[in-house]
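Notes to accompany the following structure.
The values are calculated or read from the model by the stated rules, or taken from the named source; none is laboratory data. Owing to the predicted nature of the structure, the values given are computational and were not obtained by experimental measurement. Methodologically, a virtual Cβ is constructed for each residue, glycine included, from the backbone with ideal geometry; neighbour enumeration extends over all protein chains shown.
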Amino acid sequence: MTINYFTIGMAGHIDHGKTTLTKALSGVDTDTLKEEKARKITIEPGFAPFPLTDRIHTSIVDVPGHEKLIRQMIAGVAGIDLVLLVIAADEGVMPQTREHFEILSFLDIQKGMIVVTKSDLVDDEMKLLIEDEISELTNDSVFQSFPVHFVDSLSMSGIDNLKNSIASLLEDTETRSASGPFRLPIDHIFTVKGQGTVVRGTVYEGEVHEGDELEIQPGGEKVKVRKLQVHKENVQNAIAGQRAAINLSGGSKLEWKRGNVLLTPGVFSVTDTVDLVLTTGKEWAGKLKQRTQIKFYTGTAEVMGKLIFFDRNELENAADHVFCQVRLEEPIVTKRGDRFIIRRPSPEETIGGGAVIDPNGAAYKFGIGTIRMLQQKYEGTPDERVIQTLQKKGSLTTEELVKLTDIEEPELVKVLHELVELKSVVCINGYYNDEATIKLAENNLIQKLNEFHVEYPLRQGIPKAEVVQSLKGKLHQKVSSGFIEKLINLSTIKITDQSVHLPAFKPHYPNKWEKRMSQVVNILEEKELEPDDLLSTYKAHQLPENLYSDFKYFLVNHDIALVLFDDVLIGKNTFDSAVKLLKSQTEQSFTVQEAKNVLNISRKFLIPILECMDSKGYTVRDANLRKWV
């Protein structure tokens, strides 16, 4: 039998009976601190196991109702699946009722109930007035459809009916995903004598087992799970939706705090720049100037930051769907779709909340173009998000795309396959690339080669290493070589002697200097076995000095001439004739003097010619003799 796990949040004004209601439902008193007992208020979120049926197990989170404990309240309701908004019958809707209601709305809590406590203290007429207040509070919100239950936690009136209603609602509620990477925002850290450090929180997603190696972010400290408990029961594993206490080994522990997140290593983004879509409270009537300092809450984290607008310099009064960015003073862990709350630090008030669009924000230009980009990020399909991420980040692996797009791997693999089939995305050496980026890189390379061939017609092409280097910053290093191979296979480019060139290109004399360069070659051949210095002949023909080294290389590379020494070259035809003559006039072995007698040239040219014959494999030197091969 499959057991489904959920977390229920208990929210509402101070002293409206949340803790007493929690005890009536679960039998557990969640006020465990001495100060809580003494002051009769909840200071820290309390947690109680609340198994409803054989198939539905829940935890109740009882959060503080005092206005000065909003941070604890937000940390407590982060990660709940269902909310019970508690209103005392003898007081009705109060200031913290309204603030908690707004916070729950910003956190996009879609399921819940309104629970009116202390109902035995009021008559039917008062109950009707309470219902009117609830209707006014929840108007035009998802809470408007929530059922209203009148209960009394002391007499237990209405408690069984409330339990049945919760069970019925959760029967049709989808559980959090236990597949994929593990994530637990930490809301409590403590030490157990003889056991070490324990962190506690609600498992947002994934599953954890004893012995798992995890990391704590921010900070990246590696830790190992020693023991696991779910509501004080030792277990082998904990899954999404459960409250878990995890005994950890490793790490410094000194820097751990509420707001840190326990994670599967290397999957989630740690960031200080987050793209957001923000909605303010309906009754908020303040002003937020550009770069206003705010408190940013997500998960169990609270971090100071500055709000950045791209279409205005001031946000005034209530607003819906404002695309903006927060730049934080400390890094946090978050992902696309995570909910957040923004509060003013002084005087303290809740401004608004919304959803994370992209945890990996960047510096953008002020203007409507950025707003459109953020809107596309927010509303985009998985296909569009993948392409947009590739356009922004360049070449990425599947693992990197999972992290940056927050699309689960099975779905992402399917999306990538479809995009490759549609030729919107190109996969090279395991890295995915936006087709437009690859096409741009291809066009740029073709243009670069065209320009190179015009400027350096004597050269075969651009050295391959130089081409690979030029692709840095545009394509991943491991993509560059595959990109070049792809273009070779498509006959877009060609490689000869490790030089990249266009397939139809053949090195040649520049049109402007073709006649003079041909004359230099003719003189080279005319001088036969005792040629002049090539550079002198080249200069005598008033050819540009900057082309000399290319010209010399061209002659050698295209078998027009051979280098004897320095800038002295011999024509290839002259050299071949000399080899033929020498072979016909000597025995199998011959001396330098015998060669000199045949060729009738000075040793200055004879020795280099003989050494060229050795290097070309015509002869082999053996002491003072040379032997024909």
Taking interchain pairs and intrachain pairs at least six residues apart, which have beta carbon atoms under 6 angstrom, with the first residue in the stretch 166-194 and under 21 Å from Met73 (Cβ atoms) and the second in a helix (DSSP H, G or I) and not β-branched (Val, Ile, Thr)? Asp187/Ala75
Among Ile357, Ile294, Ile342, the single one that is of a type in the set (Val, Ile, Thr), out of contact with any Phe, Trp or Tyr (no Cβ under 9 Å at 6 or more places or on another chain) and part of a strand (DSSP E or B) is Ile294
If the Cβ limit is 8 Å and pairs must be 6+ apart or interchain, which residue in the stretch 203-215 that is without any contact (Cβ under 8 Å) to a residue 40 or more places away in the chain and closer than 19 Å to Val270 by Cβ pairs with which residue that is part of a loop (DSSP other than H, G, I, E, B) and hydroxyl-bearing (Ser, Thr, Tyr)? Glu205/Ser177
Whether any residue in the stretch 577-593 is in contact (Cβ under 8 Å) with a residue 24 or more places away in the chain and closer than 26 Å to Tyr553 by Cβ is what I want to check. yes
Considering only the stretch 548-602, state which residues are within 57 Å of the chain's Cα centre (by Cα), part of a helix (DSSP H, G or I) and either β-branched (Val, Ile, Thr) or surrounded by 13 or more Cβ atoms within 10 Å (Cβ to Cβ) (or both). Tyr548, Asp550, Phe551, Lys552, Tyr553, Phe554, Leu555, Val556, Asn557
If I go through the stretch 610-629 residue by residue, how many of them are under 21 Å from Ser577 (Cβ atoms), outside any strand (DSSP E or B) and among the polar types (S, T, N, Q)? 1
Mind checking which residues of the stretch 289-332 are polar (S, T, N, Q), in contact with an Asp or Glu (Cβ under 6 Å, 6 or more places away or on another chain) and within 19 Å of Glu349 (Cβ to Cβ)? Thr298
Does the stretch 25-52 hold any residues that are surrounded by 15 or more Cβ atoms within 10 Å (Cβ to Cβ), at pLDDT 80 or above and assigned to a loop (DSSP other than H, G, I, E, B), and which are they? Val28, Leu52
Those residues of the stretch 533-576 which are of a type in the set (D, E, K, R), free of Cβ contacts under 8 Å to residues at least 24 places away in the same chain and either in contact with a strand residue (DSSP E or B) (Cβ under 8 Å, 6 or more places away or on another chain) or closer than 24 Å to Asn600 by Cα (or both), in sequence order: Lys552, Lys572, Asp576
Among Arg372, Arg336, which is over 14 Å from Asp272 (Cβ atoms), of a type in the set (Lys, Arg) and not in a loop (DSSP other than H, G, I, E, B)? Arg372
In the stretch 275-294, the residues that are among the small types (Gly, Ala, Ser) and surrounded by fewer than 19 Cβ atoms within 10 Å (Cβ to Cβ): Ala285, Gly286
